[in-house]
């Protein structure tokens with residue numbers, strides 16, 4: 001897996017496959033993009049995968065993040081086109097899938113509204129667009145802003161059981177999540193929490209999102225009312241399917257029995273020709 005740089009960038013968790021649809025992971029508030037290896041290994045049968053990495057000192061607002069990420073995706077599409085046939089074009093002959101988890105779910109909504117023609121499918125996993133329905137989370141903005149650096153690892157450890165169903169995760173993924181949480185300095189945590197507090201997408205804008213959208217929500221989410229938020233989004237987004245994970249926590253994609261590729265297949269979110277390709281490889 002490639003390393004995070006000091007600017008917004010893509011991590012490539014699996015070998016580049018420009019002949020396949022592009023699948024873009026937008027990470028949670030840690031921004032590392034390094035927590036999706038297990039999912040990426042399975043999705044690589046069907047997609048060319050990129051994980052967005054947001055530098056630990058990034059202080060962009062939503063508009064800045066959206067514009068820079070769109071520019072990054074367009075550049076990636078140009079590179080893929082050149083790798084495939086030597087031509088340069090933003091137009092992709094394959095669908096572009098956008099998958100945002102938690103904080104990344106909010107960013108995904110901003111990206112689809114910023115560049116609606118760029119994306120063909122949208123996947124939202126426990127999106128943090130319901131942040132303001134948990135008023136107690138706003139307290140964390142001031143607390144983390146004034147927290148001494150030496151207390152930051154302790155606070156991350158204390159928050160871990162709320163962010164994830166630890167008993168449903170491997171020890172390696174638990175440690176990876178803790179490292180990701182500790183990678184962001186307290187003042188940046190405070191900034192990203194303030195972004196979530198101020199996040200808003202008008203109902204009319206949600207109605208303009210025409211892409212087929214898969215909403216994934218965990219009933220065991222101790223951080224956000226994710227099931228209620230999935231129902232709210234479903235009432236505005238015109239082309240949605242909803243999957244409820246009955247025992248999962250907020251960081252559900254780290255759980256050992258949650259396979260995003262299986263969820264996508266069960267909900268017809270993977271083209272039949274890609275499924276046929278996978279069956280031929282297995283045979």
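What follows draws every value from the coordinates through simple rules; no lab data is involved. Keep in mind the model is a prediction, meaning the values are calculated, not measured. Glycine gets a Cβ as well: all are built from the backbone with ideal geometry, and neighbour counts include every protein chain shown.
Subtract the Cα-Cα distance of residue 222 and residue 198 from 0.36 nm times their separation in residues, and report this length gain in nm to one decimal. Working shown, then result.
On the way: separation 24, 0.36 × 24 = 8.64 nm, distance 2.09 nm.
6.5 nm is the gain from fully extending residue 222 to residue 198.
Net length available on complete extension from residue 82 to residue 7 is 24.7 nm, with 0.36 nm assigned per residue and the Cα-Cα distance removed. Taking the range 95-133 and a reference point 7 angstrom along Cα→Cβ of residue 234, the backbone N atoms nearer than 16 Å belong to 123-127.
Using the number of other C-beta atoms within 10 angstrom as an exposure proxy, rank 16, 209 with the fewest first.
Numbers: 16 14, 209 22.
If I rank by nearby Cβ atoms, fewest first, I get 16, 209.
If the segment from residue 19 to residue 182 were pulled out straight at 0.36 nm per residue, it would be longer than the present Cα-Cα gap by 55.0 nm.
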